[in-house]
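Right, one structure below, let's go through it.
Taken together, the values in this text are just the output of simple stated rules run on the coordinates, not laboratory data. Given the structure is predicted, the values throughout are model-derived calculations rather than measurements. Glycine gets a Cβ as well: all are built from the backbone with ideal geometry, and neighbour counts include every protein chain shown.
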Amino acid sequence: MGTSEVNQEAGDGDRGGPNLTRCLFVQVKAEQAADFWSAGDHDGGGIVLSGADALRAASARARQMSRPVLADRRRYAGKNRPRGTARFAPAWIESQRAVNMATVLTDSGYVGQGDHEALEAILKQAASAGPDVCAVLPLHISWLADPGVKPLMTEVNQHEVPVALVLEHSGDPLGTQYAVNGLKRLLGESLVPVGLLSTDISGLGAMAYGAAWAAVGVTSSLRHLYPADRKGGPPFGAKRARHAIVPRLMTFMNVDRIAEGWANAQRHDDVDENLWRCFCVECGNRTMDRLVTCTELSLAAHNISILAELHQQVTDAASWEQAIGDALGCYDLLRHEYQVAWEPPAFMYAWLPRVGRRSWR
């Protein structure tokens, strides 16, 4: 049975709960719920509230749920994360049912490299928790590599419980070909719906290859799972970097870098301003240097609007690869016409391996 068939059956009341097929969620911190409640209010959209207060935030707005809502406790994040063998909190499971979440997400611990016991513990608990439960699997990225992906698929299929992957990496978890290939294999051979939490633009690629749904974070900390031993970071008191999607490049980029690129391009008499304008509802045909000084809400509204547009365009593997190819073409144009030497993000080469890292030039 293929993934799409499983997803359709899940929508008819089988294990997996409501049909969330091709739902693109926006993932936000629970304390931001009031500001972002309408963020996922577009066709095929939804919202994921993150953190220990996610259910409280959902309860406060239960009557305003016009789109699917999920609650991700993110117990698996941070330096003191529990191992995946930790027991689920019954109150967390039952409270999601009481608030009528679109599906019940487990408050799982972390599954480290080769930790089969933790993986099995999460899936076993989820399978016995009820037909509306989805097992959150916060995974070391090695689970998508050989030989890890085979036992991962085996365990998921044996327990017959829908799963939501959270991929750990210090940068981009789907920025390598081995990770993308492992994900493709899992999606192609899974007998249950597979979703992704805390992902980025690659979540659209995952859905193009069969993922049931994906949740893209509004901040970088919600777009992947940082390792527990992560070191470094900005100096104390430093301004947190702000990132915006450059539509034609299909890339999250630091807003200061976007402004610098626009300034460099303006030195050319024949600059094509359409490359630097955003036509989303929030930006209204303004040049993207506005994103440097706009509010956090305006920045998020821009990103969400672009993601929603991409969601409508990317419907299968062919359209996903076409979108990447178009973006690489724009990178090429910027380099050769305006001497804006930006490097395409690694995920593009991971999803489109036949395009060599230098061949786009």
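Key figures for this structure:
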| quantity | calculated |
| --- | --- |
| Loop-exposed chymotrypsin sites (Phe, Trp or Tyr not before Pro) per DSSP, neighbour cap 14 Cβ within 10 angstrom, longest uninterrupted part of the chain | 1-235 |
| Where trypsin sites (Lys or Arg not before Pro) fall in DSSP loop in region 66-102, at most 10 other Cβ within 10 Å | Lys79, Arg87 |
| Trypsin sites (Lys or Arg not before Pro) lying in DSSP loop within region 259-356, provided at most 15 other Cβ fall within 10 Å | Arg267, Arg354 |
| Free-standing Cys, the chain [no other Cys Cβ under 4.7 Å] | Cys23, Cys134, Cys280, Cys294, Cys330 |
| Between region 174-192 and region 301-344, the alpha-carbon center distance in angstrom | 22 Å |
| Vicinal HN-Hα couplings computed from phi for region 85-102 (Karplus, 6.51 cos²θ - 1.76 cosθ + 1.60; Hz; Gly/Pro x) | 6, 4, 6, 5, 7, x, 5, 5, 5, 5, 5, 5, 5, 5, 8, 6, 5, 4 |
| Paramagnetic label zone (point 7 Å from Cα along Cα-to-C-beta, Gln339; backbone N under 17 Å) in region 242-268 | 260-268 |
| 222 nm mean residue ellipticity, helices alone, for the chain (DSSP H n ≥ 4; -39,500 (n - 2.57); rounded to 500) | -11000 deg cm²/dmol |
| 17 Å Cα-Cα reach of Lys79 towards aspartates and glutamates, excluding residues that sit fewer than 8 places from it in its own chain | Asp107, Glu168, Asp229 |
| Neighbourhood net charge (13 Å Cβ-Cβ; Lys/Arg +1, Asp/Glu -1) for Asp115 | -2 |
| Packing-based ranking, highest mean first, of 191-203, 122-134 given that Cβ atoms within 10 Å are counted | 191-203, 122-134 |
| Two-site label geometry, Ala145 and Asn157: point separation in nm, points 7 Å out along Cα→Cβ | 2.4 nm |
